Amino acid sequence: MAEKDSRRKSREKRKAGLRELLRVPGGERVDLSSYDTDSVPLGPGDKSAGKAATSRMGEHLADLQERLFAASTAGDRRRVLLVLQGMDTSGKGGTIKHVIGFCNPSGCRVRAFQAPTEQERAHHFLWRVEQSLPRPGELGIFDRSHYEDVLVARVRELAPREEIERRYDEINRFEKTLADDGTTVIKCFLHISYEEQRRRLLKRLDRPDKHWKFSPSDIDDRALWPAFQEAYSIALERCSTSYAPWYVIPSDHKWYRNWAVGRLLLEHLRELDPQYPKPDFDVAGCRGRLLAQ
């Protein structure tokens with residue numbers, strides 16, 4: 001009986017899709033220590049199969065992204081914003097390379113958010129994000145995002161606690177405005193373990209071609225790991241909404257991370273189902289003119 005129940009639950013999860021499995025329930029307490037960073041839920045099974053599945057997925061992603069871009073030429077205002085957050089080495093850049101790399105760059109807008117500049121600090125914390133939002137038809141990708149202002153700012157006490165507390169509601173209102181204006185917001189927390197981060201940092205030190213990605217401050221930041229985990233838990237709890245949910249992506253396995261983010265993006269694009277616009281000219285007539293030349 002227990003085995004039948006297990007198989008039934010497994011079938012139900014697959015039917016629900018990856019979104020339902022990885023989504024953070026809004027308003028509920030989030031304990032990141034209860035999320036297994038090494039797991040591969042609904043995944044292809046192993047690295048080889050995962051890479052192959054991600055490659056096959058690329059053709060469908062490219063097609064849907066092109067259709068979204070094309071639809072905007074006929075007035076379709078819909079767009080997609082993929083937000084990638086995670087600790088150092090969690091794979092934000094790698095995900096962009098291996099998933100977004102399938103798409104036509106003409107229809108993509110990628111922005112990596114570093115520490116704010118002097119000009120950016122002079123504005124409201126959402127100002128620099130607003131400058132980088134995808135236009136209608138575009139797929140926008142944020143490598144870090146407005147959440148830095150409730151993560152780093154909270155851990156490093158870069159703003160008064162009262163101000164940080166207000167920012168959660170501001171972020172929710174901001175994302176609701178995006179959703180109401182036709183933006184599909186997909187927020188992925190790339191969740192790695194403390195031990196896996198050490199392995200990845202050591203690899204950067206062992207490879208001269210990766211030294212540029214390493215900073216001694218990365219070691220200092222590891223001392224703040226518990227504080228960052230708490231800050232992420234609070235952000236996920238307070239800002240996972242029906243219109244802009246958070247997804248926790250187990251990311252100790254890079255191949256699974258890429259497959260899962262790609263699959264989430266694919267599921268959302270399929271739901272949007274963008275269509276090529278109908279021509280506003282006489283196709284047969286134009287063909288006849290060309291053949292006559």
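Listed values, structure above:
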read-out: Projected label distance in nm at R222 and A49, using a 7 Å step from Cα toward the beta-carbon; value: 3.3
read-out: At 0.890 mPa s and 25 °C, Stokes D of the range 157-225 from Kirkwood alpha-carbon radius, µm² per second; value: 157
read-out: Carbon + sulfur, % of accessible area of the chain - ligands and nucleic acids excluded, 1.4 Å; value: 50
read-out: Average accessible surface area per residue within the chain, 1.4 Å rolling probe, Å²; value: 54
read-out: Diffusion constant of the range 136-293 at 4 °C, which comes from Stokes-Einstein with the Kirkwood Cα-pair radius and 1.567 mPa s, µm²/s; value: 67
read-out: Sorted largest first, extent of the range 7-123 alpha carbons per principal axis (Å); value: 52, 36, 30
read-out: Pairs from K92/K203; K92/K213; K47/K213; K51/K213 whose Cα-Cα separation, in the structure shown, is over 20 Å; value: K47/K213; K51/K213
read-out: Sorted peptide list for 86-97, 158-169, criterion being average Cβ within 10 angstrom, highest first; value: 86-97, 158-169
read-out: √(5λ) per eigenvalue of the Cα gyration tensor, the range 206-293, largest first, Å; value: 48, 23, 12
read-out: On Cα atoms only, tilt of 283-292 relative to the major axis of the chain in degrees; value: 60
read-out: J(HN,Hα) series, the range 120-136, from Karplus relation 6.51 cos²θ - 1.76 cosθ + 1.60, nearest Hz, glycine and proline x; value: 5, 5, 6, 10, 4, 4, 8, 4, 5, 6, 4, 6, 10, 5, x, 7, x
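The values are calculated or read from the model by the stated rules, or taken from the named source; none is laboratory data. Predicted model, so just to flag it, every value in this text is computed and none were measured. When we count neighbours, we look across all protein chains shown, and the Cβ atoms used for this are built from the backbone with ideal geometry, even at glycine. Ligands, DNA and RNA are stripped out before the accessible areas are found, and what is left, the full protein with its side chains, is counted by its heavy atoms. Shrake-Rupley method; radii C 1.70, N 1.55, O 1.52, S 1.80 Å.
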